[in-house]
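Remarks on the structure that follows.
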Amino acid sequence: MTIESNIEKVKQEIKESCQKVGRSTDEITLIAVTKYVTIEQTKEVIDAKIVNIAENRLEGLTKKQAACTNEDVIWHFIGNLQSRKVKDIVDKMDYFHALDRLSIAKEINKRAKRRIPCFVQVNVSGEKTKNGIAPNEVESFIESLADFPNVEVVGLMTMAPYTDDQIILRQVFRKLRELRDYIVGKNYPHAPCQGLSMGMSHDYKIAIEEGATHIRIGNRIVGTEG
Ligand SMILES: *Cc1c(COP(=O)(O)O)cnc(C)c1O
């Protein structure tokens, strides 16, 4: 499978999932995760008209960005950040998907030259190995972000457990959507929070059915699983 045909297939499946639940494909932002692959392969993804690219390490983002100078590319950072690295990355990312600590928000606020759109990462499943804010702490966390004018909460993000159990996946995605709706209802000026960054290669169809607005796809696009 080529990257181009993988993308075609993913797009077709996005369309089918949207149709199933009466959503428009315009509501879905397809983000290609290029963390596994080379600059050459990342360029192939961009040449196939994918505009949204994600990396999870500073080194990866820096390298790919330097080589892929297409102005249209929107860069997403999906990895965890250490405070001391924020200053090196904050002006390179268009979106940050893994905000889950006040210390990072504070550092972003201090170092950024503009407002950074951020997704607050939520540990919906409660797995110890996963990062993110506990669901019952999301509201107070987001409230405390009001102190940081350079941090804009554009949505919530989660990673579902690695399972084929559709019931569990649906529960996790649904819970994030309900939390999102709750936060939206608060009308925080600093946290419009319309987005739902959820769904990866093995679970994005369900995530779309449950309301995802941003799906983060690595393997299905750049891998060999086609
Ligand atoms: C690696 C990664 C992805 C992509 O995972 P795939 O299973 O390859 O699609 C999505 N989100 C995050 C946060 C990741 O680290």
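Could you tell me whether any residue of the range 118-134 is of a type in the set (Phe, Trp, Tyr) and either farther than 25 Å from Glu210 by Cβ or without any contact (Cβ under 8 Å) to a residue 60 or more places away in the chain (or both)?
No: zero hits.
Filter the range 173-208 down to the residues that are among the hydrophobic types (A, V, I, L, M, F, W, C) and open to solvent by less than 30 Å² (accessible area, probe 1.4 Å) and list them by number.
Of everything in the range 173-208, those that are among the hydrophobic types (A, V, I, L, M, F, W, C) and open to solvent by less than 30 Å² (accessible area, probe 1.4 Å) turn out to be Phe173, Leu176, Leu179, Ile183, Ala191, Cys193, Leu196, Met198, Ile206, Ala207, Ile208.
Being more than 14 Å from the ligand (Cβ to nearest atom), modelled with pLDDT of 95 or more and of a type in the set (Lys, Arg) narrows it down to one of Arg180, Arg220, so name that one.
Arg180 is the lone residue from the list that is more than 14 Å from the ligand (Cβ to nearest atom), modelled with pLDDT of 95 or more and of a type in the set (Lys, Arg).
Taking Leu145, is it within 17 Å of the chain's Cα centre (by Cα) and outside any loop (DSSP other than H, G, I, E, B)?
Criteria not met by Leu145.
Quick check on the range 47-71: of everything there that is crowded, with 17+ Cβ neighbours inside 10 Å and under 14 Å from Ile217 (Cα atoms), which residue is nearest to the ligand (Cβ to nearest atom)?
Asn56
In the range 11-27, what residues are of a type in the set (Lys, Arg) and either assigned to a helix (DSSP H, G or I) or exposed (fewer than 14 other Cβ atoms within 10 Å of the Cβ) (or both)?
Lys11, Lys15, Lys20
The values are calculated or read from the model by the stated rules, or taken from the named source; none is laboratory data. All figures in this text were calculated on a predicted structure; none of them were measured in a lab. We place every Cβ from the backbone using ideal geometry, glycine too, and count neighbours over all the protein chains shown. To get the accessible areas, we keep the full protein, side chains included, count just its heavy atoms, and leave off ligands, DNA and RNA. Shrake-Rupley method; radii C 1.70, N 1.55, O 1.52, S 1.80 Å.
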